[in-house]
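The values are calculated or read from the model by the stated rules, or taken from the named source; none is laboratory data. Note that the structure is predicted; figures quoted are calculated from it, not measured. Here Cβ is always computed from backbone atoms with ideal geometry, including for glycine, and neighbour counts include all displayed protein chains. Accessible surface areas use protein heavy atoms only, side chains included; no ligands, DNA or RNA. Shrake-Rupley method; radii C 1.70, N 1.55, O 1.52, S 1.80 Å.
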Amino acid sequence: MTQAEIKLCSLLLQEHFGEIVEKIGTYLLRTGSQPLRLIVSETGLLLDQVKKALCVLIQHNLVTYQVQKRGFVEYEAQCRRVLHILRYPRYIFTAKSLYGDTGELIVEELLLNGKLTMSLVVRKVADRLTETMEDGKTMDYADVSSMFVRLADTHFVQRCPQLPESPEKPEAPPPPAPTLVVNEKDMYVVPRLNLIGKGKRRRSCEEEENSEHKAKKQKKDGESSEPPPDDGIYWQVNIERFHQHFRDQGIVSAVASRMDQTSSEIVRTMLRMSEVTTSSCAPYTQPLSSNEIFRSLPAGYNITKQVLDQYLTLLADDPLEFVGRSGDSGGGMFTVSILWDENFPFPVFGSRCARIFRLLLRKKHLEQKQVEDFAMIPAKEAKDMLYKMLSENLVALQEIPKTPDHAPSRTFYLYTVNVPSSVRMLLHKCYKSVANLIERRQYETKENKRLLEKSQRVEAILASMQATGAEATQLQEIEEMITVLERQQLQNLKHNVNKLDASENQVDETIFVLESFIESTIKRP
């Protein structure tokens with residue numbers, strides 16, 4: 001774990017969970033697995049604060065725990081999982097694109113809370129959707145439940161690990177920490193719930209006080225509501241499934257740019273047919289016959305079976321090997337290769353450097369004169385570009401001596417590419433870039449804190465006056481509390497923050513590609 005990763009994780013934890021959680025999370029990231037006693041003594045926080053912070057981190061899958069042989073529990077931060085917080089907006093936007101507003105809010109609630117029961121998610125989402133509807137209209141629980149089932153069927157949400165069912169042994173002492181197990185068969189099985197009801201709008205302050213008084217009275221009288229039927233069955237967002245979807249979209253885009261739209265639609269159909277049956281770490285999709293692919297093509301693509309076979313043959317014969325042939329039954333069996341190709345472009349220093357880089361990837365080892373000739377770049381420019389990439393560790397220089405004395409005049413100097421180190425170097429730069437963007441956004445917000453607070457107060461006053469039916473002149477007077485210069489500053493701030501947010505998302509897309517490249521092409525020990 002690099003310092004850039006730790007710094008980025010620290011910024012993300014502070015922004016989303018506050019200083020106490022960030023302090024504990026950063027300490028665990030720097031030191032590794034630690035027991036509770038050591039965390040309390042090293043961070044200087046109160047025991048209660050540390051316990052609550054660890055509960056928050058465990059709830060959001062950012063920290064795991066393990067019982068050691070000596071009987072104490074150690075806690076370990078998950079750096080990869082913390083970095084995925086940066087991708088939360090992309091997960092929510094993808095859910096909205098695929099499943100509409102209801103799917104978006106289900107994924108958003110699960111990401112905000114870490115883990116929730118299905119019944120609680122349905123109620124929360126139904127209430128939020130009802131708030132956005134016209135007066136008199138409400139969202140039915142059944143509609144939200146059916147959307148939750150669709151998300152589970154396509155594996156975008158999954159069950160959390162549960163306590164194993166074991167016979168009660170009152171004489172046995174409880175373990176230091178519970179051991180949770182995952183049942184692969186039930187991971188995407190939705191419990192049968194008969195949720196009847198509709199979403200509710202937010203009540204006024206008086207109604208809330210009355211409802212709280214009634215709830216307290218019921219509690220005093222000993223009236224306890226029954227637990228929900230899915231009590232103990234918690235759900236979470238399946239991050240790997242979203243990553244699989246992003247990867248599939250990248251493959252489809254690559255096929256479209258390499259060949260044409262029809263080819264990309266054929267590959268999209270193959271990926272959609274095997275999205276649930278193929279593991280996220282598998283190098284190939286499940287084999288599909290030509291007949292199955294033909295039957296599953298969208299209705300808009302009116303191509304014949306013969307044309308489809310020609311497209312599949314072209315895709316299988318392409319040097320990039322997007323599609324592979326795995327048999328001849330059923331008109332031919334085909335798979336989609338989901339390994340990232342090593343011809344990954346590195347346009348860091350311009351198109352000519354990218355040309356040299358791809359040339360070295362293809363030829364493996366070349367002398368400087370050979371690079372000049374093959375890339376068709378003048379000697380002086382080629383030399384400058386090679387040295388520039390060498391200084392950034394994008395390319396490496398290998399010496400092959402003719403004689404044992406390693407004399408420069410009798411030594412070949414060959415340029416080559418160390419793909420793993422190049423990718424990791426770019427990934428490190430991306431982490432630093434995102435951290436800089438977050439710090440800049442926080443600085444812009446802090447510098448204009450007074451102006452933002454004033455703008456929020458004015459908006460709140462306007463909203464309350466509009467609700468009470470105030471006159472236009474009164475509203476105008478309130479609006480004039482913010483001067484023209486201040487409005488201009490607010491517009492500039494909003495523009496800058498939006499640009500920084502968009503840049504964060506763009507860099508995160510590059511991070512995802514680089515991480516996927518490393519996972520698919522480099523064998524980990």
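Considering the stretch 384-416, the residues that are assigned to a strand (DSSP E or B) and hydrophobic (A, V, I, L, M, F, W, C) include one that is surrounded by the fewest Cβ atoms within 10 Å (Cβ to Cβ), namely Ile400.
Within the stretch 115-122, does at least one residue satisfy the condition of being part of a helix (DSSP H, G or I) and under 14 Å from the mean Cα position of the chain (by Cα)? No, that holds for no residue.
I'd like to know if the stretch 515-524 contains one or more residues that are without any contact (Cβ under 8 Å) to a residue 40 or more places away in the chain, of a type in the set (Lys, Arg) and part of a loop (DSSP other than H, G, I, E, B). Scanning the stretch 515-524, I find at least one residue that is without any contact (Cβ under 8 Å) to a residue 40 or more places away in the chain, of a type in the set (Lys, Arg) and part of a loop (DSSP other than H, G, I, E, B), so the answer is yes.
Only a single criterion out of (1) open to solvent by 50 Å² or more (accessible area, probe 1.4 Å); (2) closer than 28 Å to Ile511 by Cβ; (3) at pLDDT 85 or above is not satisfied by Glu381, namely (2). Only one entry of Ile39, Ile6 meets the criterion of being open to solvent by less than 20 Å² (accessible area, probe 1.4 Å) and more than 24 Å from Arg87 (Cβ to Cβ), and that entry is Ile39. Of everything listed in (1) touching a residue at least 12 places away in the same chain (Cβ under 8 Å); (2) of a type in the set (A, V, I, L, M, F, W, C); (3) open to solvent by 70 Å² or more (accessible area, probe 1.4 Å), the single unmet condition for Cys55 is (1).
The set of residues in the stretch 115-143 being open to solvent by less than 10 Å² (accessible area, probe 1.4 Å) and either within 23 Å of Lys185 (Cα to Cα) or at pLDDT 90 or above (or both) consists of Met118, Ser119, Val121, Val122, Val125, Ala126.
Say we look at the stretch 426-446 and pick out the residues that are of a type in the set (D, E, K, R) and either within 16 Å of Glu515 (Cβ to Cβ) or outside any helix (DSSP H, G or I) (or both); which of these is least open to solvent (accessible area, probe 1.4 Å)? Filtering first and then ranking leaves Lys429.
Residues checked against (1) closer than 27 Å to Leu111 by Cβ; (2) touching a residue at least 24 places away in the same chain (Cβ under 8 Å):
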site: Ile6; (1), (2): yes, yes
site: Glu22; (1), (2): yes, no
site: Tyr27; (1), (2): yes, no
site: Gly32; (1), (2): yes, yes
site: Glu42; (1), (2): no, no
site: Leu46; (1), (2): no, no
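Among the residues making up the stretch 492-506, those that are out of contact with any Leu (no Cβ under 7 Å at 6 or more places or on another chain) and under 12 Å from Thr445 (Cβ atoms) are Leu493, Lys494, Asn496, Val497, Asp501.
Residue by residue, here is whether (1) farther than 19 Å from Cys9 by Cα; (2) surrounded by fewer than 19 Cβ atoms within 10 Å (Cβ to Cβ) holds:
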residue: Val63; (1), (2): no, no
residue: Val67; (1), (2): yes, yes
residue: Gln78; (1), (2): no, yes
residue: Leu83; (1), (2): no, yes
residue: Leu86; (1), (2): no, no
residue: Ser97; (1), (2): yes, yes
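All conditions in (1) under 20 Å from Gly32 (Cβ atoms); (2) of a type in the set (A, V, I, L, M, F, W, C); (3) surrounded by fewer than 20 Cβ atoms within 10 Å (Cβ to Cβ); (4) within 11 Å of the chain's Cα centre (by Cα) hold for Val73, with the sole exception of (4).
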